[in-house]
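K.L.:
I'd like to ask you about the structure that follows.
All of the numbers you see were taken from the coordinates with simple rules; none came from a lab. Because the structure is a prediction, the values reported are computed rather than measured. Here Cβ is always computed from backbone atoms with ideal geometry, including for glycine, and neighbour counts include all displayed protein chains.
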Amino acid sequence: MSDNREVNSIQNNPDPNYWRSFEELYRNEKTLKARHHEFAEGVTDDFDPNENLSGISRRKFLALLGASAALAGVACSDYRDKGEIVPYNVKPEEIILGRPNFYASTCTACANSCGILIKTREGRPIKVDGNPEHPVNQGKICAKGQANILNLYDPERLQQPLKKSSTGFDNIEWKKADSDIIASLSMAGSKEIAIVTHTITSPTFLKVLEDFKAKFPTTKIYSYELFNSSARNSAWTKCYGSGNFPLIKWNEAKVILALESDFLGVEGNRVENSRMFAEGRDVNSKSFNRLYVIESSMTLTGMNADYRMRLKPEAQFAFVMSLINELNRKGAISASIASNYSLDEFVKKNNLDKERVNHLLNDLIANKGKAIIHAGDLMPENVHIAVNILNELLGNKNLYRTDSASVNLLNLSSLDEVKELTDKMRNNQVAVVIHLDCNPVYHFPNDLNYKELLTKVPTVVTLTERMNETAQFSSYILPLNHNFESWGDSKTRTGVISLQQPVIAPLHNTRQKESILLTWISTSPDTYTETLYHDFLMKNWETNIYPTLKSRIEFKQLWFGALHDGFALTNEAGQNFSSINLTGLNLTETKFNSEAMTLVLRESYQVGDGRFANNGWLQELPHPVSKITWDNYAAISHNTAKALDVQNDDLVEVSVGDRKLTLPVFIQAGNADNTITIELGYGREFSGIVASGVGFNANTLLSSKPEFSQWVYTNATIIKAGGKYPLASTQEHHAFDNPRIQDLHLKRHIIQEGTVALYEKKSDFIQEHRPKELESVYTPFQYNEMKWGMAIDLNKCLGCGDCIVACNVENNVPVVGKDQVLKSREMQWLRIDRYYSGSPDDPRVSMQPMLCQHCDQAPCENVCPVVATTHSPDGLNQMVYNRCVGTRYCSNNCPYKVRRFNFFNFRDHFRDGYQESSILTLMFNPEVTVRSRGVMEKCTFCVQRIEEARSEAARKGIPIKGTDVKTACQEACPTNAIHFGDINGKDSEFYKYRNHELGYYVLEELNVRPNVTYIAKLRNIHTEEL
Amino acid sequence: MHIDYSQEAPAIAGRLTISQIEELVARPLDTKPDRKYFIALSISGSLLLLGAICLGISFYYGIGLWGNNQPVGWAVPIVNFVFWVGIGHAGTLISAILFLLRQKWRTGIARFAEAMTIFAVICAGIFPIIHTGRPWLAGYLIPYPNQHSLWVNFTSPLLWDVFAVSTYFTVSLVFWYIGLIPDFATLRDRTTSKLKKTIYSIFSLGWRHSSRHWQHYEKAYMLLAGFATPLVLSVHTIVSFDFAVSILPGWHTTIFPPYFVAGAIFSGFAMVVTVLVFVRKIFNLENIITLDHLEKMNKVILATGMMVGYAYGMEFFIAWYSGVQAEQFVFINRAFGPYAWAYWIMVSCNVIFPQLFWFRKFRRSIPVMFVIVILVNVGMWFERFVITVTSLHRDFLPSSWAYYKPTFFDMGILLGSFGLFFTLVILFTKSLPVVSISEVKAVADGAQPTHRGGHHE
């Protein structure tokens, strides 16, 4: 049809203005047809296999020739077998390929037992978040809990039971190991069987231990924690008759006085504390608590203080007593116990800021019943007692939570009890020592000689996930399941029991510790089945826990409901506190010499007590204060450093008595003079490629007979040792007295801050400094529909770094190692900038999470020569990894320097290609490309989550909303400082923050138009001016 | 001292006859290379090998072997690139602009300077490719039609670089070759070796020294000179855009194009003097590359050095005048921050030492000028280092600052580029006439018609 039409139209046209031949000029029909068909007849025939081969056209022949050559080429080429892809024969219920499943469980990374939600893809866990329904942590989980997933896939987990031989450790069958150990246990006779463990939080595990004790009556259980609340416990026992000290309503406190207490950093349930604390600092309700921190080392809590004062830890008792006396003198309370103390003298002697102390006094008086004084775990008993008295006298008991109280299933063993164990070991009275997932050789003070004494015990069994110092001295090493491969339950406070369920079958030939003990209790190695503990747990719940719950639904229903939710609520009574019993309280002061050096040993923010030392993500997580990674150090004040004549990175020798340690020094702004702070958890040995040789083992400075506190030693000395040791920090350290650099973050309006008083007077004071938006000669792109943006409330950001780890896990961010951090090549997409202003003694600290700002006029985009970084119509600045050639021009032109470059194949670069081991690849988020060497990368605003939400919305046939997407950092932030959503979604919560009167953009004057809004921090101080 | 300004000094000293000139220039091509030649070649070859090995290892493991880090995305490789592009500028200036300005003294040095241009651009051209994270994808920078409909980004100065440098290289090469044609013919006529004759015959394109040839040649040469002249300005202008178009304080400066061009001529002349000092001695060309020529070049060095110095000062002034804190900080930080050492090396080498050229005695003293031009070379390398690294290492957010240290591989590749350059120079001296025979003949005494035995007015 159409052919003819064209021929006709040509024929009808009398005057062709061009022609190629006379036939064409004279409109020969055949020629016209031929002209219309591009190829001559026969050339374009379809291939007909029935046709004779001789009838084949030239074109067909060439096609066949090419195809056969290609086939031959492919057939003969070296085909790399990438393994089989086998479809599910029977598809497991609930698994849809490409869609994640979530399971509620309980985190066992520390003794706080937060509820978690584990995201699995095709049966493998890839991400951990807080369980949003869990009453304690309410959807949030700390960095350690997030990074715990790396422990599951750690290539260095023990995969087989091991038995010590003359040459080392040999593989052994479970059955053989079990029967050997059962024999040893049975033959213990009157000798002790010692079980050493961390805090017991599981009621069912406690039941297992009781059964074990019943079976082997000489058993004694020693539970310990390197960092614990024992002093607080005993203080409460003395004051109120029960060691179950209360939880605190941080959210209701108007004034908080933290005495050497890092309740936002490492003490108690940090996630819960942070959330409740930040609830009390809300710009929308304009309610602000006031945080006073008096401490020796600069801590996470100290960084967030409205008023901070430096004080040596041993002076805290006198401070509280002086405070009591002064309040008594002012008539605010009536107490005669502290009449020997004078606050004025104390302030003078310890060089405290008089004005701040007066503010504190007035605030405590004005906020009776609405203030809380909190002493840290490191403080000895008498400080806690004095604090209890003061809280009681001020009526601050109101802020003790009565709805829920902490529960100790089994009290921790005291140092004396541990000493009894070592004495028995010395006297050959111990037949078997069982280490249940703990590391006493590393944790116990060296003067207990625990390591040496282990050799006197005939059978030492260590149950552990990975090799450690204790396992090295064991006859048997039994590999344990990871948290995510195990069943369990946990009760750390009244009102709730959490349940733990496995989300993946054991990756290796491992068992969970409860099953191992149950097998031994049965005295037959054949008892073991994979469901052994599962059955026991269920039975224990049915017989012991279910009745106490007084539930009206039947057990099975409750059980599966609780498994689904991750916890079961119990209606236990809360806690009530009688009046304090003042008689017989020990209120004598430990005398000390204020000129002597005090050593403070603290828990590491990153690796805890060393349990997480083999976790690269945590090792590389910058210290929240110093921003140092991969090391611990001796933090001292700049005055002390001057006196010692040392600089950052200089090696010093710290000694307490005859215990010595050489480690590098770090000059920490805000540290108390003559105080050395060292974090524990480093200097691990035999613990894998990542942990071994990282940092310094300061546990060697611990004493089993502490005079003041187990973690504070008042008789330390420090001398310059000579030599240097480079500390890898993600942020440069600048001299405080350099006028060119000082307060640059304020001069450049990177950090914009105000005070609550100023805000109340003039709520738009931030907007006054904001530059006007410049006119553009071009019409800017109109974002009429969806446009993604973020708002970060700096009032709530505490600088903990949980968001960094969450981002690492979500986005497959590699660990680069200390050498690369030293070269300033860390790969974290999100960093928390920390700025100091003021003097090095008394700095004001500002935190600022910094990530890609997804600028509307992104300077990175126009300089990329190959358009590898582009802008999406919904306002995202995108990276096209495949197109990127790695010129790094984008990074140079990024004013925020948030782009990260793969200088190496970082997964290969780490020692021994550790990160390329096949098991670690299971951990990757399949929705996020694993970047190769030479490619630029950066924060994507979790574009994979946006796309998932988009397809979900499309499936439902509704438009996507800003609230449909939560970024990984937002999800992780314990204080909900991060808000994400649609800039054009006018009725959303996010919109309020995006257009907040305290909102500003960083480097706004560059006119790059960022899409991350920062809500200026307000300090709750008594003046309008900072 | 009495100087007679009424008469131009002869471009060629020693009253050489035309055949003597030919003999002098062509002699190195007729003799076998001696021991010294091989020693020189082995030194430069070793450097080249060192660079090649460093580069090979960098390719294998990734450019993480270099010192580049998070704020300092560009460092020594880009410094080298700008440095070598700058070196190239002297050749084009001498051969094109001085030709158009009828500067006869250029004839003795033009050929060599042009050759150095080409070699320097070869050295320079390597760096933009190798400095990328994935050099095997360098083809992405070329706008070629493809099935993915992917196109390059014409707003990126790096892309302008691709065109600027490749154009520059092409034009320089053609210009150089055109100039060589009459000499190829001369060599063809002189040589007795069959092989050489064949090669020279091919490259001389049938040149017969006929008037017609000369007429066409002169016209073509002039056209190409006119064509190359804007390139002298444009190439380094575009290279400076790599920095000036960004928003980084210390880079984002409108003074960059002229400042870079002046700097390029400055460094290029210094490099030409560095090499010529040896060449005129070794090949007995003192009469063709005279002290007068060197003095004139030193004058250019003095002039451009002061332009560069002016730019240094003006940058500070504008930073202060702008009132932009970040801008002011960058310049203060350059002079007094962690890289102050580099800054003061730059200032002393580029601004202070060349001032000695105000004195005629120093301008005409070979040892003095040699020391100064070496310092200028060093100083100009540091100028690019200061611009590139000190601006990046401390930019807007103090939280992202970091110090940059080059590694062994950075330095190995830098030395390798010198190795490549000098290897090419050394090979050139033995394979092609280092001075344009035909042009020198044309400016020799008595070669041109004169009035009253004097020079043509």
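K.L.:
Straight-line reach from residue A:660: which lysines fall under 21 Å, measuring Cα to Cα and dropping same-chain residues less than 8 apart?
P.N.:
Straight-line reach from residue A:660, under 21 Å: A:451, A:705, A:720, A:724.
K.L.:
May I pose another question? Once you have the Cα-Cα distance between residue A:747 and residue A:569, take 0.36 nm times their residue separation minus that, and quote the gain in nm to one decimal.
P.N.:
Extending this stretch completely gives an extra 58.8 nm.
K.L.:
Using helices alone, what [θ] at 222 nm do you get for chain B, with -39,500 (n - 2.57) per DSSP H run of 4 or more residues, divided over all residues and rounded to the nearest 500?
P.N.:
That comes out to -22000 deg cm²/dmol.
K.L.:
Taking the mean number of other Cβ atoms within 10 Å as a proxy for protection, how do you rank A:104-110, A:221-227, A:814-820, B:86-92 from highest to lowest?
P.N.:
Going by the mean number of other Cβ atoms within 10 Å, highest first, we get B:86-92, A:104-110, A:814-820, A:221-227.
K.L.:
Can you give the FRET efficiency to the nearest 0.05 for residue A:286 and residue A:353, using r as the Cβ-Cβ distance and R₀ = 25 Å? Please report the intermediate quantities before stating the final value.
P.N.:
Working: r = 27 Å, r/R0 = 1.09.
According to the calculation, E is roughly 0.40.
K.L.:
Using alpha-carbon positions, what is the distance between the centroids of region B:395-428 and region A:213-282, in Å?
P.N.:
57 Å
K.L.:
Tell me what chain A gives for mean residue ellipticity at 222 nm when only DSSP H runs of n ≥ 4 count, each as -39,500 (n - 2.57), the sum divided by the residue total, rounded to 500 deg cm²/dmol.
P.N.:
That calculation yields -7500 deg cm²/dmol at 222 nm.
K.L.:
How many partner chain Cβ atoms sit within 10 Å of a residue's Cβ in peptide A:864-876, on average, as a whole number?
P.N.:
4
K.L.:
Here's another thing I want to ask about it. Relative contact order (percent) for region A:859-1007, with alpha-carbon contacts under 8 angstrom and 6 or more residues of separation?
P.N.:
Answer for region A:859-1007 is 16 percent.
K.L.:
If you don't mind, another one. Given a Förster radius of 35 Å and the C-beta distance between residue A:522 and residue A:159 as r, what FRET efficiency does 1/(1 + (r/R0)^6) yield to the nearest 0.05?
P.N.:
E(calc), rounded to 0.05, equals 0.90.
K.L.:
Please give the peptides A:128-140, B:132-144, A:264-276, B:204-216 ranked by average Cβ packing (other Cβ atoms within 10 Å per residue), highest first, as a rough proxy for protection. Kindly include the intermediate steps, with their values, before the conclusion.
P.N.:
On the way: A:128-140: 21.8, B:132-144: 16.5, A:264-276: 23.9, B:204-216: 12.2.
Ranking the peptides A:128-140, B:132-144, A:264-276, B:204-216 by packing returns A:264-276, A:128-140, B:132-144, B:204-216.
K.L.:
Which helices count as membrane-span-like in chain A under these terms: full DSSP H, at least 24 Å along the axis by C-alpha, Kyte-Doolittle mean of -0.5 or more?
P.N.:
Within chain A the helices that satisfy the rule are A:58-76.
K.L.:
Kindly work out what percent of the DSSP beta bridges joining two residues of the protein assembly as shown are antiparallel, to the nearest 5.
P.N.:
Bridges in the protein assembly as shown that DSSP calls antiparallel: roughly 60 percent.
K.L.:
Sticking with this structure for a sec: Between beta-carbons, use under 10 Å as the cut-off and find the net charge around residue A:1013, counting Lys and Arg +1, Asp and Glu -1.
P.N.:
Summing Lys/Arg as +1 and Asp/Glu as -1 gives 0.
K.L.:
Further, regarding this structure: Taking every eigenvalue of the Cα gyration tensor of the protein assembly as shown, multiplying by 5 and rooting it, what semi-axes result, largest first, whole Å?
P.N.:
Semi-axis lengths for the protein assembly as shown are 71, 42, 33 Å.
K.L.:
What percent of all Cα-Cα pairs in region A:230-405 falls in each 10 Å bin, counting up from 0?
P.N.:
10, 41, 39, 10, 0
K.L.:
So what are the three principal axis dimensions of region A:597-729 from its Cα atoms, in whole Å, longest to shortest?
P.N.:
Principal extents (largest minus smallest coordinate, Cα): 36, 33, 25 Å.
K.L.:
With the Cα gyration tensor of region B:205-314 giving a ≥ b ≥ c as the square roots of its eigenvalues, does the rule (a/c under 1.5 for rounded; else a/b larger than b/c for prolate; else oblate) give rounded, prolate or oblate?
P.N.:
Taking the square roots of the gyration eigenvalues as a ≥ b ≥ c, region B:205-314 is oblate.
K.L.:
Compute the convex hull volume of the Cα atoms of region A:131-189, divide it by the residue count, and report the result per residue in Å³ as a whole number.
P.N.:
188 Å³
K.L.:
Can you compute the label reach from residue A:762? Point 7 Å from Cα along the Cβ direction, backbone N cut-off under 11 Å, restricted to region A:997-1026.
P.N.:
Counting backbone N atoms under 11 Å from the label point, the list is A:1025.
K.L.:
If you don't mind, there's one more thing I want to ask. Taking 60 Å as R0, compute the FRET efficiency from the Cβ-Cβ separation of residue B:199 and residue A:692 and round it to 0.05. Mind showing how you got there, number by number?
P.N.:
Numbers: r = 65 Å, r/R0 = 1.09.
Given R0 = 60 Å and the Cβ-Cβ separation, E is 0.40.
K.L.:
Also, I was wondering about something else. Which one of B:210, B:96, B:83 has its Cα pushed farthest toward the positive end of the charge dipole of region B:68-220, where Lys and Arg give +1 and Asp and Glu give -1 at the Cβ?
P.N.:
Highest projection toward the positive end goes to B:210.
K.L.:
Hey, another quick one. What's the center-to-center distance, using Cα atoms, between region A:410-449 and region A:90-105 in Å?
P.N.:
44 Å
K.L.:
Scan chain B and note any complete DSSP helix (H) whose C-alpha atoms cover at least 27 Å along its axis and whose Kyte-Doolittle average is 1.0 or more.
P.N.:
Length and hydropathy pass: B:35-61, B:107-130, B:256-282, B:366-385, B:408-431.
K.L.:
Treat each spin label as a single point 7 Å out from the Cα along the C-beta direction, and report the residue A:187 to residue A:639 distance in nm.
P.N.:
Modelled inter-label distance: 6.4 nm.
K.L.:
Any chance you could run the full-extension gain for residue A:252 through residue A:89? It's 0.36 nm times the residue separation minus the Cα-Cα distance, nm to one decimal.
P.N.:
My answer for the length gained is 53.0 nm.
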